[in-house]
Amino acid sequence: MTTAKDLFIIAMDPRPERSVGQGDLSLALAGAELIDLIDAGTVTVDEDRIVPGEPSPPQDRLLGEAAEQLTRGESPHERIEDWLWRRGRDLAAAYQAALEEDGELTRKRSGRLSFGSERVEPVDTPARRAAAERWEEREPVLAALASAVGVEGGRPKGAETAEEAESAEQAESAEDSNDFGEEPGLDDEAVTAVVTAVHDAVMELEAVRQRRTIENSAFANLWRGP
């Protein structure tokens with residue numbers, strides 16, 4: 001499984017506090033793909049620019065598509081932020097379809113009646129367990145990307161022992177005092193640049209949402225009158 005697929009599975013957690021917007025998730029998935037391409041040596045990062053290397057198609061189909069969409073040519077190369085917006089368009093839907101096709105996700109009715117609304121849930125597979133284990137261990141890259149889209153923490157509350165809970169609280173306090181780019185394991189400048197760009201892009205998307213909400217509210221008040 002790729003980082004992007006692990007991230008999608010983690011974001012599918014049904015708990016209400018983990019509700020993730022499709023746009024936010026799409027941006028983070030594009031970042032996760034880029035990090036895996038960096039790890040594979042397919043690309044390098046020069047400050048905020050993506051520098052493609054020798055073509056080496058990944059085994060994963062979606063990651064292969066990402067590699068094919070890299071902008072190859074002379075400098076200046078594509079900025080990480082531009083890649084996130086370009087590659088991230090409807091990417092969450094593409095991952096959902098791929099994971100359903102691979103049997104990693106299943107559709108279930110949310111109510112007892114057969115015509116109730118459908119929801120998508122992860123299937124208990126080795127891939128899902130591997131993603132959960134990576135999440136439980138707070139693997140830095142996955143944790144940083146999940147944090148960017150509002151998914152925090154590891155095990156559900158109440159699942160840990162008192163000692164583990166105290167340790168987790170201490171760890172969270174330490175994290176709160178640091179920038180996300182300073183988390184243990186995020187010492188690679190290229191990876192940190194991608195995570196930073198994901199955070200910035202998600203914040204920009206939220207600003208756009210808020211601006212539209214204000215504009216729509218003002219428009220509705222205009223028609224409603226005094």
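The values are calculated or read from the model by the stated rules, or taken from the named source; none is laboratory data. Predicted model only: the values in this text are computed from it and were never measured. Reconstructed Cβ throughout: ideal geometry from the backbone, glycine too, with neighbour counts over all protein chains shown.
Observations on the model:
- Residue in the range 97-107 that is of a type in the set (A, V, I, L, M), without any contact (Cβ under 8 Å) to a residue 24 or more places away in the chain and more than 21 Å from residue 196 (Cβ to Cβ) present: yes
- Cβ separations smaller than 8 Å between residues 6+ apart or across chains give the following pairs from the range 25-40 residues that are touching a residue at least 12 places away in the same chain (Cβ under 8 Å) to residues that are among the aromatic types (Phe, Trp, Tyr) and buried (at least 23 other Cβ atoms within 10 Å of the Cβ): 25/8; 29/8; 29/95; 30/83; 34/83.
- Pairs are defined by a Cβ separation below 6 Å, a sequence spacing of at least 6 or placement on different chains, a first member in the range 41-64 that is among the charged types (D, E, K, R), and a second member that is crowded, with 16+ Cβ neighbours inside 10 Å and not in a strand (DSSP E or B); the pairs so defined are 48/80; 49/77; 60/2.
- Any hit, the range 47-55, residues being crowded, with 21+ Cβ neighbours inside 10 Å and either closer than 20 Å to residue 145 by Cβ or in contact with a Gly (Cβ under 8 Å, 6 or more places away or on another chain) (or both): yes
- Residue that is surrounded by fewer than 23 Cβ atoms within 10 Å (Cβ to Cβ) and assigned to a helix (DSSP H, G or I), where the choices are 73, 41, 64, 31: 64
- Filter result for residue 22 (under 16 Å from residue 99 (Cα atoms), more than 16 Å from the chain's Cα centre (by Cα) and surrounded by fewer than 17 Cβ atoms within 10 Å (Cβ to Cβ)): no
- Subset of the range 178-226 that is touching a Ser or Thr at 6+ places or on another chain (Cβ under 7 Å) and over 19 Å from residue 83 (Cα atoms) - its residue that is modelled with the highest pLDDT: 186
- Single residue of 22, 59 found to be modelled with pLDDT under 90 and farther than 26 Å from residue 138 by Cβ: 59
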